[in-house]
1. Step through the residues of the range 268-283 one at a time and calculate ³J(HN,Hα) from phi using the Karplus curve (6.51 cos²θ - 1.76 cosθ + 1.60, θ = phi - 60°), rounding each to whole Hz and writing x for Gly and Pro.
2. Using a 1.4 Å probe on the protein heavy atoms only, what accessible surface does T147 show? Give it in Å² to the nearest 10.
3. How large is the accessible surface of F234 in square angstrom, using a 1.4 angstrom probe and rounding to the nearest 10?
4. Share of the range 133-240's accessible area from carbon and sulfur, percent, 1.4 Å?
5. Sorted by packing (mean other beta-carbon atoms within 10 Å per residue), highest first, where do 263-270, 194-201, 220-227 land?
6. If r is the Cβ-Cβ distance from Q181 to E203 and R0 is 25 Å, what FRET efficiency results, to the nearest 0.05?
7. For the range 143-158, in order, what is each residue's ³J(HN,Hα) by Karplus, 6.51 cos²θ - 1.76 cosθ + 1.60 with θ = phi - 60°, in whole Hz (x at glycine and Pro)?
8. Given a 1.4 Å probe and the protein chains all in place, what does the accessible area of E108 round to, in Å² to the nearest 10?
Amino acid sequence: MALTANCTYLCCGRPIPVAGGGGPAGRWAPAAGGLGAAQLGHGGPLGKVCRVSDPFAEVAQLTGVADAVADARKAVDRLLGHKILRRRSAEVSAESALRGARASAALEGTDVPLDALRASSASAAQPDPVVQGSLRVSAELGTLTGTWRQAPRQVLARLHVLAAADAVGADELGRPRSEGQDATDVLKLGRPPTPAEVAARLEGLSGLLTQPTKAPALVVAALVHGELLALRPFGWGDGIVARAAQRLTLVERGLDPKSLTAPEVGHAELADEYAMALRGYVAGSPGGVAAWVRHCADSVVVAARDSLAICEAFMRG
């Protein structure tokens, strides 16, 4: 089924029970059917469907999410107050983007020292397709911000073209994988959803992104990231695309409007937790979904700290 606001949340054609009482506390299961509505198993008979008009906001109510989001907000605000940004914010953003590209490539299995990457980005001498894809995505991300909320599927296709240009055939660039096409599984997430399910869930996710939500930017960004990696819609470069989409969401929804932080850096520094939290998201329990969002908040805290270090280095000259 397509994922839309006010949809009935189904798995294999059956509603999934989720306990009520201040937010989902049973099986929320995004990996089984995508972000959707919930089946109440508390305070009503089994089979009573509760329609959820703002799934992002529902996730924001899960255990520990609000505190983690507040901590990330404080860390970003602390960074935004640094005086070097009054005159050199573009340089901080550029350095952050480079570090984010390096971190994203490392999470895909290609770890290149920052100095080597800096040299290769200037000369285009780094032949690795993962590295080149990460660099291209990072370089063009700023031009996609204005389109992201209006046409998210268009932006996702463009991100994949950038990420995978040196890795797959031209007929596969920007197109969701077809039946029988493999999907790389760097993070050991298991078998991906079918192309039919990918198409439905991408449609639903895109619909939600174009609608208003009361959820904080960080919650939306975390769910975009997690859902894209759960789907692995393109088969190659999905991690690069998912992490770029998270960053785009944080910029476009105002948490980090100048793109000064690189959450990819946080995910890479917390690499073990990244993989574990993502598997929890894919498994679908409310605790797993909440742990994933908290991890994404922690990654933003780490990224803000890294960008503060960049500011301090610029201050020292």
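1. 5, 5, 9, 4, 5, 5, 4, 5, 5, 5, 5, 5, x, 4, 5, 5
2. So the heavy atoms of T147 present about 50 Å² to solvent.
3. It works out to around 10 Å².
4. Numbers: 2250 of 4320 Å².
Carbon and sulfur: 52 percent of the exposed surface of the range 133-240.
5. 220-227, 263-270, 194-201
6. Numbers: r = 19 Å, r/R0 = 0.76.
Once the sixth-power term is evaluated, E becomes 0.85.
7. 7, 9, 4, x, 8, 4, 6, 7, 9, x, 5, 4, 5, 4, 4, 5
8. Counting only protein heavy atoms, E108 exposes about 40 Å² to solvent.
The values are calculated or read from the model by the stated rules, or taken from the named source; none is laboratory data. Computed from a predicted model, the values in this text were never measured in an experiment. Counting neighbours? That spans all protein chains shown, and the Cβs are built from the backbone with ideal geometry, glycine included. Surface areas here come from the heavy atoms of the whole protein model, side chains and all, with no ligands, DNA or RNA. Shrake-Rupley method; radii C 1.70, N 1.55, O 1.52, S 1.80 Å.
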